[in-house]
Amino acid sequence: MIPKYRKQFNQDFSQEKYSLLKEYLKQKSGLEPGFRISESPIFLTKDFEAKLISASESIIDQIKTLSPDLLQKAIPDNCRVPNDTNKPHFFTIDFGICKNNNGEIEPQLIELQAFPSLYAFQKIFEDSFCEIYPFLSEIRNNMSQENFKNHLNDLIVGDENPENVILLEIYPEKQKTQIDFIFTEKLLGIKTVCLTKIKKNGKKLYYEYDGNLIEIKRIYNRVIFDELDRIPDLKTEFDFREDVDVKWITHPNWFFKISKFLLPLLEHQFVPKSYFLHEFPENENLENFVLKPLFSFAGSGVNLNPTKEITDAIEDKQNYILQRKVNYEPVFEDINGDFSKGEIRLLYIWHENDERPILLENLARMTKADMVNVDFNKKDAIWIGSSNAFFAQE
């Protein structure tokens, strides 16, 4: 994938530069990333980028035709939050980098979410790669830092004073993504607040800062709502399901509406066929499919080799899908001549008055394991972990 840049990067690479990359991120944030940073970016061709965009545009078109009533069916009754919005503010699409039956490298949809990913972090990550390897600036994302900031500021802060806008998470200091919270604070001037620290008075929400109660008017939500029930002895003054005077960015209902729930409804050459488990046809071979719970996060609950015994034992079959397996192709050569597989997440935002979302950045993940997730990598491997994609300009 773009031999010119792969060759140049591998020639320029050193462990010292890798250490410097991680040190840059630590200096800019004040802490170590909570996940593994890959030594290398991934390089993708203009043709591959065109395929990504074509598939994404088709997926967006199809989602726009779905009725609100259908999307509402995705939300579990015990997770429904009042004051829903017409659009999600965030929209991310994950594609595996795969080989088809003709030997061509192509994207294949893995999942999609209306939930914010590491937007602020990825911009700094890309900048850091370019600082250490200046030749990468030739093919960097052409959105300026100023435009990037303005888009996120308009979306998250809007017309409010930043002190009345918070990034909401549960125990943020324990999250692997804490580094992104810090970069978001620096970028937008907002505070990160733990759900357990929220104060409630009537329909108003507050957080405490310097001994004062500050009203919360907009919430940049980073809490995975359905995971709250799994936290023992969680005590909060505020329940998501209460009707409160805040603007959600993005509304929690969209976490369910734009999710694996949609995969059986989408059609495209780069969208693997998927079925709800309770609708899996008898003429399909289970060995060709991956079993996924609808509302898992970071790969939890995924079974790469489901059996009939496993699927028969599942009681809530409507909450699982079977997605046709795709062949991740090891195309990213490391300095030892070994190859990593990869996945790319396109990071969109969707302004409320816009017809279509805007692509801001990307996030890449590299692996030499079966699961493309930073938690499933071997500790002694290289060219694995969180990364960033650079595309050829011609």
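Among the residues making up region 22-47, those that are within 13 Å of Phe121 (Cα to Cα), assigned to a helix (DSSP H, G or I) and of a type outside the set (S, T, N, Q) are Lys22, Tyr24, Leu25, Lys26, Lys28. Residues in region 331-366 that are crowded, with 18+ Cβ neighbours inside 10 Å and over 19 Å from the mean Cα position of the chain (by Cα): Val331, Phe332, Glu333, Asp334, Ser340. Every condition in (1) assigned to a loop (DSSP other than H, G, I, E, B); (2) under 26 Å from the mean Cα position of the chain (by Cα) is met by Phe255 except one, and the failing one is (1).
All conditions in (1) surrounded by 15 or more Cβ atoms within 10 Å (Cβ to Cβ); (2) within 23 Å of the chain's Cα centre (by Cα); (3) within 30 Å of Pro272 (Cα to Cα) hold for Ile53, with the sole exception of (1). One residue stands out among those in region 163-177 that are assigned to a loop (DSSP other than H, G, I, E, B) and not basic (Lys, Arg): the one that is nearest to the chain's Cα centre (by Cα), which is Thr177.
Kindly evaluate Pro252 against the criterion of being within 30 Å of Asp316 (Cβ to Cβ) and touching a Phe, Trp or Tyr at 6+ places or on another chain (Cβ under 9 Å).
Against the criterion (within 30 Å of Asp316 (Cβ to Cβ) and touching a Phe, Trp or Tyr at 6+ places or on another chain (Cβ under 9 Å)), Pro252 qualifies.
Looking across region 135-162, the residues that are more than 23 Å from the chain's Cα centre (by Cα), surrounded by fewer than 16 Cβ atoms within 10 Å (Cβ to Cβ) and part of a helix (DSSP H, G or I) come down to Phe135, Ser137, Glu138, Pro162. The residue that is surrounded by the most Cβ atoms within 10 Å (Cβ to Cβ), among those in region 30-50 that are over 17 Å from Ser387 (Cα atoms) and in contact (Cβ under 8 Å) with a residue 40 or more places away in the chain, is Phe48. State yes or no: is Phe90 of a type in the set (Phe, Trp, Tyr) and either over 22 Å from the mean Cα position of the chain (by Cα) or in the same structural domain as Ile224 (by TED's automatic domain parsing) (or both)? For Phe90, the condition - of a type in the set (Phe, Trp, Tyr) and either over 22 Å from the mean Cα position of the chain (by Cα) or in the same structural domain as Ile224 (by TED's automatic domain parsing) (or both) - is not met.
Answer with yes or no whether Leu205 is buried (at least 19 other Cβ atoms within 10 Å of the Cβ) and more than 27 Å from the chain's Cα centre (by Cα). Yes: the conditions hold for Leu205. A single member of Lys260, Lys247, Lys273 is buried (at least 19 other Cβ atoms within 10 Å of the Cβ), at pLDDT 90 or above and of a type in the set (Lys, Arg), and it is Lys260.
The values are calculated or read from the model by the stated rules, or taken from the named source; none is laboratory data. In this text, all values refer to a predicted model and were calculated from it rather than measured experimentally. Neighbour counts run over all protein chains shown; Cβ positions are idealised from the backbone, glycine included.
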